[in-house]
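Have a look at the structure below, then the notes.
What follows is calculated from the coordinates using simple rules that are stated; it is not laboratory data. As the structure is a computational prediction, the values presented were derived from the model and not from experiment. Counting neighbours? That spans all protein chains shown, and the Cβs are built from the backbone with ideal geometry, glycine included.
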Amino acid sequence: MFAQLIAQSFSMDDATWKRHANPWCFWTRLSVLPLLFLAAWSRVWLGWGALVLVAIALFWMWLNARIFPVPKSTHNWVSKGVFGERVWINRQQVPIPSHHRHVPQFLTVFSAIGMVMVIWGLYTLELTITIMGTVLIYIGKLWFFDRMVWLYEDMKTATPDYHSWLY
């Protein structure tokens, strides 16, 4: 599963997931895509040096989930969305309700269409296409995240582990 692969590639253990549930982590993480896109665009001025900026943006994405403290309370939209992502990733082990199965997959495809537009826009240096693709990615991501809040609300009593995340 793609979501599990992503979580594993970023070494998302329990401690990291707890920090990732901090609202500051979520809102600052939204800066990663513009930083990556700016890094890709900067190839015009920096040539291969733009890869340094790409590395910095990727490092920021990895570091972001680790630098913020565990939130004092998880009774907020962001924390519940992060918990919903964990539930989504774990859906093979703990089945989720059928009404939660298809929309997140649709939204992933929706965001992927935006990513194709961004890649094309960055390749051709077409700012309008790049911005339109970025907007699609963010709409898909934020809508997906909102669905993860709903998923967590429906699943928070499914296991003692899920329930323990809320405090």
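Starting from the Cα-Cα distance between LEU127 and ASP161, subtract it from 0.36 nm times their residue separation and give me the gain in nm to one decimal.
Numbers: separation 34, 0.36 × 34 = 12.24 nm, distance 4.52 nm.
So the extension gain works out to 7.7 nm.
So what J values fall out for the stretch 64-79 if you push phi through Karplus, 6.51 cos²θ - 1.76 cosθ + 1.60 with θ = phi - 60°, rounded to Hz, Gly and Pro as x?
3, 6, 10, 8, 8, x, 4, x, 5, 9, 10, 8, 8, 4, 5, 4
Residues with amide H under 5 Å of VAL70's amide H, sequence separation 5 or more or different chain, H placed in the peptide plane at 1.01 Å from N; which?
Those lying under 5 Å, H to H, from VAL70: there are none.
To make sure I understand the rule: partners must be lysines, Cα under 17 Å from the Cα of LYS156, and not fewer than 8 residues away in the same chain. Which ones qualify?
LYS18, LYS80
How would you rank SER42, SER98, going from fewest to most other Cβ atoms within 10 Å of each one's own Cβ? Walk me through the numbers before you get to the answer.
Values: SER42 16, SER98 7.
Least crowded to most crowded, the residues run SER98, SER42.
Where does helix 103-124 land angle-wise versus the long Cα axis of the chain, in degrees 0 to 90, nearest 10?
With rounding to tens, the tilt is 10 degrees.
Highest GNM mean-square fluctuation, the chain, Cα pairs closer than 10 Å: which of VAL52, VAL135, VAL78?
For the chain, modelled as a Gaussian network with Cα springs under 10 Å, the answer is VAL52.
Give me the extension gain from VAL52 to TRP143: residue separation times 0.36 nm, minus the current Cα-Cα distance, reported in nm with one decimal.
Numbers: separation 91, 0.36 × 91 = 32.76 nm, distance 3.14 nm.
My answer for the length gained is 29.6 nm.
Treating only the Cβ atoms of Lys and Arg (+1) and Asp and Glu (-1) as charged, compute the dipole magnitude of the chain about its Cα centre; round to the nearest 20 debye. Don't jump to the answer; show the numbers that get you there.
Details: 13 positive and 8 negative charges, 36 e Å.
Here the size comes out at about 180 debye.
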